[in-house]
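The values are calculated or read from the model by the stated rules, or taken from the named source; none is laboratory data. Please read all numbers here as calculations on a predicted model, not as lab measurements. Virtual Cβ from ideal backbone geometry, glycine too; neighbours counted across all protein chains shown. Please note that ligands, DNA and RNA were not included when accessible areas were found on the heavy atoms of the full protein model with its side chains. Shrake-Rupley method; radii C 1.70, N 1.55, O 1.52, S 1.80 Å.
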Amino acid sequence: MLFNSFAFIALLIVTWVAYYLPQLVKLQIPVLIVSSLVFYAYNQPVLVLLLLFSVGINIISSYYIVHGPVEHRRIFASLGVLLNLAVLSFFKYGPLFARTFFKETSSIGEFLVTIPLPIGISFFTFQGISLVIDVFKEKHLKGKDVVPISFVEHAKQIMLFKGFFPQLISGPIVKAHEFLPQIGVKTLKDIKWKSCFKSLVLGYFLKMVVADNLKEHTIGIAFPYFEASSTLTLVNMLFGYSCQIFADFAGYSLIAIGLAGLFGYHFKDNFNFPYIATSFKDFWKRWHISLSTFLMEYLYIPLGGNRKGRARTYINLMITMFLGGLWHGAAWSYAVWGGFHGLALAVERFLGKRITIGNNRCLMILKGLMVFSFVTLGWLLFKLPEFHHVIGYMKAIVANRGGLDAGLNMYLLIYSFPVVAYHALYLIKQRGGFQKFRDLDYVAYGFMIFMIVTNSGSPGTFIYFQF
């Protein structure tokens, strides 16, 4: 169910009204759970059984970590993590294992290739892992030594945590120790109307006006269409796709944050102007923040982080980014994309202590352009999962001298401009610009609403739905 569909708007209105009815205030959690199940089951009802199975794993394992025998806590924690990973591996990576290790004509290979990819499985599985680990490490407020709760109450809270519809499909990845303490009775006074309004308007603008229009003009990146395009068009399409993927995913995250706010829940920002980053480390502090902090907290640090020597640090970076890349999709190209970024982080860390540029603005701008170009080039692995297509696209950029498609390039630049302006205005504000025009913020939001109504592209699924 798309956030910009009439079915979702109807579900949202009914849920919101029921949620805040005084007569149903004690049923707020069940109201959200039912709506979340309807939301997830809308297109493929049978897959809601998988969500319930995944939730059940985490309800039982987390409950008995807290309330079971002390000597069995580690066993329940290990089983919880392993079962979460098993579900993710089977449904998401079964086809990849089949293509890699089995002939697709074999009975095993044929079976694995036909396994459906449940929407949002990567996100709600990572949340389950976060829950099990947080409860084991006692990063929660509802342990038996603090507030003993019944199994039924525990089950409702975990169902809400894993199934809450604003972030169920594409995040942000919400950690248990951030979400569980927020569960409680909410009133209209808990809504931060201004921030919800801004998040929703900006999110829908980025998705419906920028991303949905750009997707119509970046189709030519696909094979074999790119072979007939000129160098400048190929470069502009890649630039447009870089803006598209940001607008699409940042838009989704902002909508999710705004929707959660309407029900009294707070999610942290998931994007912080990533395309102004002047280092790869800075980029990953700004892009998909919930994933990068998850990988840092639950993988990189447990591997040893930077505490076990220089060589081990580089290895840990590569492992973390390799697995982070593979998390994005069941194809080796995603793992290569992760390794691509891991290598960049390792090289940057190695050179960082040997090369200093101080506060030289020109060099900082050059570094920023280099990081953006590197990141943009890496998005080819998202758009073209086949390696030879990626190589073919890069060769075409160098070799093609065909005629310029002026109309296509104009539209690419027009719909990419809001992403450029979004980052540029942030930089200007950071340097104290536009102080006299702060009261005109709502003029900008009014303009975005106008564009949403009059100039939205054809509705399309969010890019990160495939993950």
Reported set for region 298-338 where residues are under 19 Å from Phe97 (Cβ atoms) and open to solvent by 10 Å² or more (accessible area, probe 1.4 Å) is Phe322, Leu323, Leu326, Ala330, Ala331, Trp332, Tyr334, Val336
Would you please list the contacts, defined by Cβ atoms under 8 Å and residues six or more apart or on different chains, that run from a residue in region 246-258 that is hydroxyl-bearing (Ser, Thr, Tyr) to a residue that is open to solvent by 10 Å² or more (accessible area, probe 1.4 Å) and not in a helix (DSSP H, G or I)? Ser253/Asp269; Ser253/Phe271
Does region 33-53 hold any residues that are open to solvent by 20 Å² or more (accessible area, probe 1.4 Å) and of a type in the set (Phe, Trp, Tyr), and which are they? Tyr42, Phe53
Restricting to region 54-106, and then to whatever is open to solvent by 60 Å² or more (accessible area, probe 1.4 Å) and among the charged types (D, E, K, R), can you tell me which residue is modelled with the lowest pLDDT? Glu104
State yes or no: is Glu227 within 21 Å of Gly457 (Cβ to Cβ) and either charged (D, E, K, R) or outside any helix (DSSP H, G or I) (or both)? no
Which residues, counting only those in region 257-285, are within 20 Å of Ser122 (Cα to Cα) and open to solvent by 40 Å² or more (accessible area, probe 1.4 Å)? Lys268, Asp269
For region 1-87, list the helices (runs of 4 or more DSSP H) that sit wholly inside it and hold at least 2 residues that are under 21 Å from Phe124 (Cα atoms) and of a type outside the set (A, V, I, L, M); which are they? 28-41, 48-67
Restricting region 200-232 to residues that are in contact with a helix residue (DSSP H, G or I) (Cβ under 6 Å, 6 or more places away or on another chain) and β-branched (Val, Ile, Thr), which is surrounded by the most Cβ atoms within 10 Å (Cβ to Cβ)? Val210
Only residues that are open to solvent by less than 60 Å² (accessible area, probe 1.4 Å) and within 22 Å of Val31 (Cα to Cα): list them for region 184-199, please. Gly184, Lys186, Ile191, Cys196
For region 1-57, give me each residue that is aromatic (Phe, Trp, Tyr) and closer than 26 Å to Ala211 by Cβ. Phe3, Phe6, Phe8, Trp16, Phe39, Tyr40, Tyr42
Tally up the residues in region 345-380 that are modelled with pLDDT under 90 and either under 30 Å from Ile219 (Cβ atoms) or of a type in the set (Gly, Ala, Ser) (or both), please. 2
List, please: which pairs have Cβ atoms under 7 Å, are six or more places apart or on different chains, and start with a residue in region 191-213 that is in contact (Cβ under 8 Å) with a residue 12 or more places away in the chain and end with one that is open to solvent by 10 Å² or more (accessible area, probe 1.4 Å) and among the β-branched types (Val, Ile, Thr)? Ser199/Ile257; Val201/Ile449; Tyr204/Ile452; Phe205/Ile452; Met208/Ile452; Val209/Ile452
If I ask for residues that are part of a loop (DSSP other than H, G, I, E, B), under 21 Å from Gln430 (Cα atoms) and more than 15 Å from the chain's Cα centre (by Cα), which ones from region 262-288 would you list? Ala277, Thr278, Ser279
Given the options Leu295, Leu291, name the one that is part of a helix (DSSP H, G or I), at pLDDT 90 or above, open to solvent by less than 30 Å² (accessible area, probe 1.4 Å) and more than 26 Å from Pro418 (Cα to Cα). Leu295
With the condition kept exactly as written, say whether any residue in region 1-9 is farther than 30 Å from Tyr204 by Cβ and not charged (D, E, K, R). no
Looking for something over 16 Å from the mean Cα position of the chain (by Cα) and in a helix (DSSP H, G or I) - is there at least one such residue anywhere in region 240-251? yes
